[in-house]
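For reference, the structure discussed in these notes is given below.
The values are calculated or read from the model by the stated rules, or taken from the named source; none is laboratory data. As the structure is a prediction and not an experimental result, all values here were calculated from the model. When we count neighbours, we look across all protein chains shown, and the Cβ atoms used for this are built from the backbone with ideal geometry, even at glycine. Side chains included, ligands, DNA and RNA excluded: accessible areas come from the protein's heavy atoms. Shrake-Rupley method; radii C 1.70, N 1.55, O 1.52, S 1.80 Å.
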Amino acid sequence: MDIIRDTGPRKRKKKLAWSATAIGAFAIAVFGWQLLPSGVPTVDAAIVWSDTVAHGTLIRQVRGPGTLVPEQMRWITAVTAGRIEQILSLPGADVSAGDLIMRLSNPDVDMQLLQAQQQLSAAHASLVQLRTSLRMQELQQRATTATVRADYLEADRIYRINQQLFDENPELVARADLDRSRESVEALSLRLETEAERLAVIQATTEDQISAQEEQITRLADLVRFSRDRIRSMQVAASVSGVLAPLDIPLQEGQWVQSGQALSRVVVPGRLKAEIRIPQTQAQEIAVGQVAMIDTRTDTIQGRVVRIDPAVRSGTVTIDVALPPSLPSARPDLSVDGSVIVERLDDVVHMGRPTFGQANQQMSLFKLVDGGRFAERVTVRLGASSLNDIEVREGLQPGDVVILSDMSQWDGFSRVRLRGRGGAR
């Protein structure tokens, strides 16, 4: 037979007590460890980067990569096309003004010089022939004019004699002879005038014709001189003293170069400047005259901004930084890093720049507490930023130690434990 079990109030209370105890134990196991100091997540202090908040002066800087370039540099280009026959000086060699660097050749230029010389010789011969011809014309015209003048004088003398005889006695000279002699004088007078005018024209145009031919000779002489200069330019020489700098594409013997192509460049040693490429978002605060520090990897050189490129190229703005004259550790085309001091902020609270910290924003950081054994999350309002430092406007006090490295994997926690000794910057 069935036995009826006791299900009274005492049994139910005991069952509820056991259920509450189990639920409480589970809740403590799941959530309670977060409320206890020993239950917070542990972070290895050796892998975090921390810094101490300080009070004082904040130097705001912007940085960018750059290159040292000479202030004085002379490109040497090909005046005429030609083939490189011999390279006499390689990049890095010291050269003086007039020293040969390479030799070129071009048979077409030699042929053009010969043709120009031939034309010049022909022009000189034509000038001699022209002068002879003009002189002969002048002499012939002078002779003709003299003959006509003699005929005119003879006819005039006959006419005056006939006129005198006719005036004394009309029967001594016939009227027809007197008229004939007068007409002969008039005709010869007109002819003499014409011949004299022709002689004047020959004399006046002689100098013009000779001058025109001499100008032609001058032009041909300039052409010969130009051709000789082209041939002379194929003996490529340094125009200034300095050091030969390498080209982007080195030239080889036997290579054909075009007119205007760069053959070499001479760098005048002693005066270098730095061309620094600053991101366009940071270049707005740069002004001419600001101090810049140039890091050459072996030394740090102080300079001053002298020019700001008005154009933006590849997201950067190029600035020129003037450097001191004597730079023993610097060479042209040396890669450097440059930082420009844009502002000096005195009497401010500042710290190292966090991994994701931006100027004039609010963010949360972990501040070390309990002697550096724990770190608590605090809200911080940041101000002006520099390369490695940033201003603190609210949330921290001088002497506080904060973690600057990335702590995003612990975003769900307001407190962490630091294992080992933390390293302050």
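Give the carbon-plus-sulfur fraction of the accessible surface of the chain in %, rounded to a whole number; probe 1.4 Å, heavy atoms of protein chains only.
Using a 1.4 Å probe with all protein chains present, the chain comes out at 52 percent carbon and sulfur.
What are the ³J(HN,Hα) values, in whole Hz, obtained from phi via the Karplus relation 6.51 cos²θ - 1.76 cosθ + 1.60 with θ = phi - 60°, for each residue of the stretch 44-53 in sequence order, with x given for Gly and Pro?
6, 5, 6, 9, 10, 10, 10, 8, 9, 5
Heavy-atom accessible area per residue, the chain, 1.4 Å probe: how many Å²?
For the chain, the solvent-accessible area averages 61 Å² per residue.
Run the quick spin-label model on Q86 and D295: label points 7 Å from Cα toward the beta carbon, then report their separation in nm to one decimal.
Calculated label separation equals 4.9 nm.
Can you find, among V148, S105, Q137, the residue sitting farthest towards the positive end of the charge dipole of the stretch 86-199, where Lys and Arg contribute +1 and Asp and Glu -1 at Cβ?
Value computed over the given set: S105.
Report the accessible area of T80, computed with a 1.4 Å probe over the heavy atoms of all protein chains in place, in Å² rounded to the nearest 10.
Its heavy atoms expose roughly 10 Å² to the probe.
Given the whole protein assembly as supplied and a 1.4 Å probe, what does the accessible area of R135 come to in Å², nearest 10?
130 Å²
Each residue of the stretch 103-112 in order: what ³J(HN,Hα) in whole Hz does its phi give by Karplus 6.51 cos²θ - 1.76 cosθ + 1.60, θ = phi - 60°, with x for Gly and Pro?
10, 10, 9, 7, x, 5, 5, 4, 5, 5
How big is the accessible area of W75 in square angstrom, nearest 10, if you roll a 1.4 angstrom probe over the protein chains?
Only protein atoms counted, so the area is about 130 Å².
Once each part is reduced to its C-alpha centroid, what is the distance from the stretch 55-110 to the stretch 292-359 in angstrom?
Result: 25 Å between the Cα centres.
Go through the stretch 216-317 and name the GluC sites (Glu not before Pro) that are in a DSSP coil and have 12 or fewer other Cβ atoms within 10 Å of their Cβ.
Those that pass, being in a loop and sparsely packed, are E253.
So what are the ³J(HN,Hα) numbers for the stretch 366-381, from phi and the Karplus equation (6.51, -1.76, 1.60; θ = phi - 60°), rounded to whole Hz, Gly and Pro as x?
Per residue, the Karplus-derived 3J(HN,Hα) values read 9, 9, 6, 9, 6, x, x, 7, 10, 9, 10, 6, 10, 9, 10, 9 Hz.
Please list F366, F226, F413 in order of solvent-accessible area, largest first, computed with a 1.4 Å probe with all protein chains present.
Ranking F366, F226, F413 by accessible area, largest first, yields F226, F413, F366.
When a/c is below 1.5 the answer is rounded, else prolate if a/b is larger than b/c, else oblate, so apply that to the chain with a ≥ b ≥ c taken from the square roots of the Cα gyration tensor eigenvalues.
prolate
When you count, for each residue, the other Cβ atoms within 10 Å and take the mean per peptide, how do 144-156, 352-364, 163-175 rank with the highest first?
Highest-to-lowest ranking by the protection proxy: 144-156, 352-364, 163-175.
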